[in-house]
Amino acid sequence: MRLIEGLDALLALDLVGLYGDSPSSRSVVAVGVFDGVHLGHQRLLHDLLEMSSALPGMPTVVTFANHPDQVLHGQSPPPLVSVPHRLRLLRRAGVSRLVLLQFEPRLQNMTAREFTQQVLVGALRTRGLLLGYDSALGKGREGTPARFRELGSEFGFEVHAGAPFLVDGQAVSSTAIRAAIRAGDLVLAHRYLGRFPGAIGAVVHGDARGRTLGFPTANVVPQPGVLPPGGVYACEAILDGVVFRAVANLGTRPTFGGGGAADEPCLEVHLLDFHGDLYGRELEVTFRRLLRPERRFADAAELRAQIERDIAAARAALQA
C-alpha cells in the first residue's frame, strides 16, 4: 500500500510521472475517517474495489489523522483504534493507495469545487468517487453526494453513495461500537466490527514478575483506542502475521500494582505455546472472551494457581 502523508505531499503528487498513463495513475476514491473500519466501512470498501476494477483505477482512501470534529466542534470522540491500527485494517481491506491528511484550515475551508479541482482531479486523477450516505465534505459541509454528482458530471468522474449497513435493523456506527466495547459486550462489538475488538502496541520491559511465576508475559503499551473493562481475557495475539492463542490481563494488577483508579491500564499478554523474545516488537491483541474480573490475591502462590486455571480456561474458550 502506498501512503501519501499531508496535503502538501498530496498536491505535489505526480501520478503520471510515477505510473505513466496507466490505470495505476488514476484513482477511485473513498473519503472518510473510517474509525474502526467496521462492517459499514467494509461494505463501502468492497464497493470501492468493485468500482476500481470496473472503471479502472487504483483503490484509494483519503482519511484523516485527526478527527474533523476536533477542529469543527472543539472535541471529538475517542478513537476506536489508533491511526496506525486503522491504516493496517485499511490495507487488509484491499486499499492500494492511502492519503493521510491532517484536517487543517486549508482543508476545512476548501469548497467542494476546490476539493474537486485540487485533490480529486489535480492530484489523484479521479475516475470514481465513493461517499458514505451521510457524507458532507468541504466548507459549510456543502460537499454532499448530490453536489459531487454535479461536479463529477462537469469534471468527468462517476460518483456513488453507499447505503447504511444494518444489523438487527440498527445502522452500524462507531458510536454504537464504542459503547459496546466499553460495556464489555464483545459479542455485539464483533457483530458490528466483523472481528473482535483489540489493541495494538509495542512490547516493553516490565518487572519480569510473570517470568518468575513461570508464565512470561509481554507488557504491551496500547496505542490510543477504546478498550473493554479490566479483567482476564482469552485472546488471540498477532505477531508478524502469525496468530497465537493467548491469555491477557487488562487492568491495574491489584496483587502487585497500585490498584488505584487513577493507575493507567496495563495490558499483560501470555502467548500460549510460544518461546522467544518479544521486547521491542509490535503485538496486536484481540479480546475474544472475558474469563474473570481482576482481583487481588493473597500471595504469589495463589496467583500462580489462578493463572494456571486461566490458561486452561483460555485454551478451552479459544478451542470452542
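General remarks:
- Residue ranges of helices (runs of 4 or more DSSP H) in region 1-60 with at least 2 members buried (at least 18 other Cβ atoms within 10 Å of the Cβ) and in the same structural domain as Gly143 (by TED's automatic domain parsing): 7-11, 39-54
- Subset of region 148-187 [touching a Leu at 6+ places or on another chain (Cβ under 6 Å) and hydroxyl-bearing (Ser, Thr, Tyr)]: Ser174
- Leu291 meets each of the listed conditions (1) within 29 Å of Arg178 (Cβ to Cβ); (2) modelled with pLDDT under 95; (3) more than 21 Å from the chain's Cα centre (by Cα) apart from (2).
- Selection status of Leu80, in a loop (DSSP other than H, G, I, E, B) and in the same structural domain as Arg26 (by TED's automatic domain parsing): yes
- Selection within region 112-155 - at pLDDT below 95 and part of a loop (DSSP other than H, G, I, E, B): Gly132, Tyr133, Asp134, Ser135, Ala136, Gly138, Glu142, Thr144
For (1) in contact with a Cys (Cβ under 8 Å, 6 or more places away or on another chain); (2) of a type outside the set (A, V, I, L, M, F, W, C); (3) buried (at least 20 other Cβ atoms within 10 Å of the Cβ), each residue gets a yes or a no:
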| position | (1), (2), (3) |
| --- | --- |
| Arg86 | no, yes, yes |
| Arg91 | no, yes, no |
| Val95 | no, no, yes |
| Met110 | no, no, no |
| Glu142 | no, yes, no |
| Phe148 | no, no, yes |
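- Residue, surrounded by the most Cβ atoms within 10 Å (Cβ to Cβ), within region 170-203, restricted to residues that are more than 13 Å from the chain's Cα centre (by Cα), within 19 Å of Pro78 (Cβ to Cβ) and small (Gly, Ala, Ser): Ala189
The values are calculated or read from the model by the stated rules, or taken from the named source; none is laboratory data. It should be emphasised that the depicted structure is a prediction, and the values quoted were computed from it without experimental measurement. No Cβ is skipped: glycine too gets one built from the backbone with ideal geometry, and neighbour counts run over all protein chains shown.
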